[in-house]
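The values are calculated or read from the model by the stated rules, or taken from the named source; none is laboratory data. If you're wondering where the values come from, they're calculated on a predicted model, not measured in any experiment. For neighbour counting, all protein chains shown are included, and Cβ atoms are generated from backbone atoms with ideal geometry for every residue, glycine included.
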Amino acid sequence: MICFTASILNSSVNVLTDINTPSLGLHYEAKKCLRNPGLFKLKYLWHRQSGRCPVCGGAITAITRWHVHHLIRRIDGGSDAVSNLWLLHPDCHRQHHANPNLKWKIAG
């Protein structure tokens, strides 16, 4: 689920209702993302990549895990903006840094 904007928090959602109600689920998800902006960024990156590693094309899941890769290294002036970030499998991330000319299956 993608995190929702803060406007959901301003809607008339009763936070004392059952956690399984759809409106509270959105409220809870929005609050969780606002408390942890990194979670929003991770979910955005995962959805942008259709849940796939750009190096091998395999699915990125909680089981396979992931690393956040900077296209332009921070030491070289790169930022933490989502336009400079990709999620990679840990092994694919190591392979990329061992061989920077490695071709990605998904254009990055």
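You will find that of Leu87, Leu39, Leu24, the residue that is surrounded by 14 or more Cβ atoms within 10 Å (Cβ to Cβ) and either at pLDDT 95 or above or of a type in the set (Asp, Glu) (or both) is Leu87 and no other.
Per-residue answers, yes or no, for (1) under 9 Å from the mean Cα position of the chain (by Cα); (2) of a type outside the set (Phe, Trp, Tyr):
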residue: Asn36; (1), (2): no, yes
residue: Lys41; (1), (2): yes, yes
residue: Tyr44; (1), (2): yes, no
residue: His47; (1), (2): yes, yes
residue: Pro54; (1), (2): no, yes
residue: Gly58; (1), (2): no, yes
residue: Thr61; (1), (2): no, yes
residue: Thr64; (1), (2): no, yes
residue: His69; (1), (2): no, yes
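With respect to Arg94, is the statement that it is free of Cβ contacts under 8 Å to residues at least 60 places away in the same chain, over 19 Å from Phe40 (Cα atoms) and surrounded by fewer than 11 Cβ atoms within 10 Å (Cβ to Cβ) true? No.
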